[in-house]
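Every number here is computed from the coordinates shown, using simple stated rules; none is lab data. Treat the numbers as computed from the prediction; the structure is a model and nothing was measured. All Cβ positions, even for glycine, are placed from backbone atoms using ideal geometry, and neighbour counts span all protein chains on display.
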Amino acid sequence: MTMATQGIQNSSTPAGQILEYLLRNTTAGIKDLEDMLGVTATAVRQQLASLSAEGLVIMTRERQGVGRPRNVYKLTERSQSLFACYSDELALDLIHELLETEGTAKLRYLLSRVGDKLAMQYSRQIKGVALGDRILELSVLLDRRGIRADIEDANGVMILHEYNCPYHDLSSVHRDVCEMERDTFSQVLGADVTLGNCIHDGHNSCQFVVNAIPAAGGNRHATSFQPAT
C-alpha cells in the first residue's frame, strides 16, 4: 500500500489531512496548509513534494483580485479516483456490456432497482422523523461508507455536499449513475432532491439540494427542516 492510499484511508496523517482539505476546499496555498496543520512551511512543502511525486496533487496559479497570482495546490484526477468508494473496472465493464447488449433503457431500469435497494438499506438505519434529522443521519451513514459529506443550510434550503464521488469512474462515463444517487436520497429523505453542482463539471462537490416537498412515491416523513426535540 502506497503512502497515497494510506493517506486517504487515514485522515489523521499529515498527508491525509492535506488531501482531505483539498477535497473540501478545491485549492490551498502553503500558508493555508501551514495554518491547518499547525506546522512550518518546510514541513508542508515536504508533504506536498511526496504527494506530487505520487501524482496526487499538482501546483497551479490562482489570481485573487489585484496583485500577482499565487501558487496553490489541488487534487489530481488520480486522487479523486482513489477517494471513490464503490466503482471499479469490473462494474464499468459490466455497464458497457449491458449498454451494448440491452441498451440505455435497460441500464436505467437496473440502476433504478439498485437505487431502490440502497434506499432500503439507508432507510432501515435512519430513525429520525423530521427532515432535518434524517439529512443529518444520512450524512453520518455516508461518512461511515467513506463518502466525505456535510450539510449546508442555505437560507432554509438544505444542501448535502459530497466531496468525493462514490462512483467516480462510473459516473464520469454514465451520468445516469448520478441520477440513481439523487433518486436514492429522495426516497430515503421522503423529499424532492435535485442535483446541483457536480464534481464531474469541475466543482469541488456534488450538491444535492433537498426541498421540503414529499417525493412522489417516497416516504411521507415530516418535511420540517428543524431537528426533532
For segment 89-211, whose charge dipole is built from +1 on Lys and Arg Cβ atoms and -1 on Asp and Glu Cβ atoms, the candidate among Ile95, Ile159, Cys198 with its Cα farthest towards the positive end is Ile159
How long are the semi-axes of the ellipsoid equivalent to segment 89-211, from square roots of 5 times the Cα gyration tensor eigenvalues, in whole Å, largest first? 26, 16, 13
Cα centre as origin, Lys/Arg/Asp/Glu Cβ charges: segment 3-83 dipole, Debye: 320 debye
Between Arg124 and Leu37, what length in nm is gained on full extension when 0.36 nm per residue of separation is reduced by their alpha carbon distance? 27.5 nm
Under 12 Å between alpha carbons, and skipping anything fewer than 8 positions from Lys127 in its own chain: which aspartates and glutamates qualify? Glu137
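Give the peptides 51-61, 31-41, 96-106 in descending order of average Cβ contacts within 10 Å, highest first.
51-61, 31-41, 96-106
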